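Read the structure below first, then the notes.
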Amino acid sequence: MDVGICCREVEKRMRRLGLSMSKLKAVFVSHEHSDHIKGLRVLAKKYSLPVFITKPTLQNGRLFLDKHLIVSYTAKEPVTIGELVITAFSKLHDAADPYSFVVSCRGINVGVFTDIGTACENLVQHFSTCHAAFLESNYDEHMLEVGGYPYYLKKRIRGEKGHLSNNQALELFTMHRPAYMSHLFLSHLSKNNNCPKLVGELFNSHAGEVKIVVASREEETAVFKIEAMHEQNKKPLYNLGLQMQLFA
Ligand SMILES: [Zn+2]
Ligand SMILES: [Zn+2]
């Protein structure tokens, strides 16, 4: 999902995690903002990866991708890549044609939900099916308010099509997480208007059994195994190896 860091940095992070680049089979692009596409062209070309992208995103991103690598997707038709099924759904964000994704494998659902102004019905519905979610927790409301950003930018971030605040993300988590959610990855934290420690403390105080991980802006997040449990003997039913370090 997305390539917001340069190709060389992706390679470095994959190597540090012991993951081969040959594990990458395709890239899905959520929207055209530069923090989601910076390394896309080079990575796709170097590894001949199909890029799933919608036409408005392609046009607005001014992405000069090799034509044979471009594949379109829509919200209505899930895409199968090997054992994974990727379902896209539209979200509220100030881009041309923005989407979030749920990746499913043998009944396990992992959501990738960043760059969202408002937790719309689509998001609530998909979040409530996820065993794990990579969820934006972009800004602390007070830090944004008293910080040095110009007014128009504060308004954009807070707006209906901007970003989710820590409190908005927490509300989605506490109100709509399913009983079987095991991991929550807080992501897309603002460098200037947020604090990883604060986010960790806030969510951990409401987490119960859910493992809370705050994704760093600077380095890769560890690989986690997401498992479904048998109700009776709590043995893993299926598992899905996860690697979620491609976001800037
Ligand atoms: Zn972004
Ligand atoms: Zn964005």
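The values are calculated or read from the model by the stated rules, or taken from the named source; none is laboratory data. What you see is a predicted model, and the numbers here were worked out from it, not measured in a lab. Counting neighbours? That spans all protein chains shown, and the Cβs are built from the backbone with ideal geometry, glycine included. Quick note on the areas: whole protein, heavy atoms, side chains included, nothing else; ligands and nucleic acids left out. Shrake-Rupley method; radii C 1.70, N 1.55, O 1.52, S 1.80 Å.
Tabulated data for the structure shown
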| read-out | value |
| --- | --- |
| Helices (runs of 4 or more DSSP H) enclosed by segment 1-116 - at least 3 residues per element that are within 15 Å of ligand 2 (Cβ to nearest atom) | 34-37, 55-60 |
| Phe113 vs. criteria more than 16 Å from ligand 1 (Cβ to nearest atom) and among the aromatic types (Phe, Trp, Tyr) | no |
| Check on Phe64, closer than 18 Å to His36 by Cα, open to solvent by 20 Å² or more (accessible area, probe 1.4 Å) and more than 16 Å from ligand 1 (Cβ to nearest atom) | yes |
| In segment 67-80, the residues that are open to solvent by 80 Å² or more (accessible area, probe 1.4 Å) and either touching an Asp or Glu at 6+ places or on another chain (Cβ under 8 Å) or not hydroxyl-bearing (Ser, Thr, Tyr) (or both) | Lys67, His68, Lys76, Glu77 |
| Enumeration of residues in segment 81-116 that are buried (at least 23 other Cβ atoms within 10 Å of the Cβ) and either at positive phi or modelled with pLDDT under 95 (or both) | Asp115 |
| Test: His131 is touching a Pro at 6+ places or on another chain (Cβ under 9 Å) and open to solvent by 10 Å² or more (accessible area, probe 1.4 Å) | yes |
| The lone exception for Thr57 - which of (1) of a type in the set (Val, Ile, Thr); (2) away from ligand 1 (no atom under 16 Å from the Cβ); (3) within 20 Å of the chain's Cα centre (by Cα) it fails | (2) |
| Any hit, segment 28-48, residues being within 23 Å of Lys91 (Cα to Cα) and surrounded by fewer than 18 Cβ atoms within 10 Å (Cβ to Cβ) | yes |
| Enumeration of residues in segment 137-156 that are touching a strand residue (DSSP E or B) at 6+ places or on another chain (Cβ under 6 Å) and surrounded by 21 or more Cβ atoms within 10 Å (Cβ to Cβ) | Ser137, Tyr139 |
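Quick grid of which residues meet (1) under 16 Å from the mean Cα position of the chain (by Cα); (2) within 16 Å of ligand 2 (Cβ to nearest atom); (3) aromatic (Phe, Trp, Tyr); (4) within 20 Å of Ser30 (Cα to Cα):
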position: Thr118; (1), (2), (3), (4): yes, yes, no, yes
position: Pro150; (1), (2), (3), (4): no, no, no, no
position: Ile157; (1), (2), (3), (4): no, yes, no, yes
position: Glu160; (1), (2), (3), (4): no, yes, no, yes
position: Leu164; (1), (2), (3), (4): yes, yes, no, yes
position: Ala179; (1), (2), (3), (4): no, no, no, no
position: Leu198; (1), (2), (3), (4): no, no, no, no
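Residue-wise test of (1) within 16 Å of ligand 1 (Cβ to nearest atom); (2) farther than 17 Å from Ser216 by Cβ.
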residue	(1), (2)
Cys7	no, yes
Met14	no, no
Gly18	no, yes
Ser22	no, yes
Lys25	no, yes
Asp35	yes, no
Arg41	no, yes
Ala44	no, yes
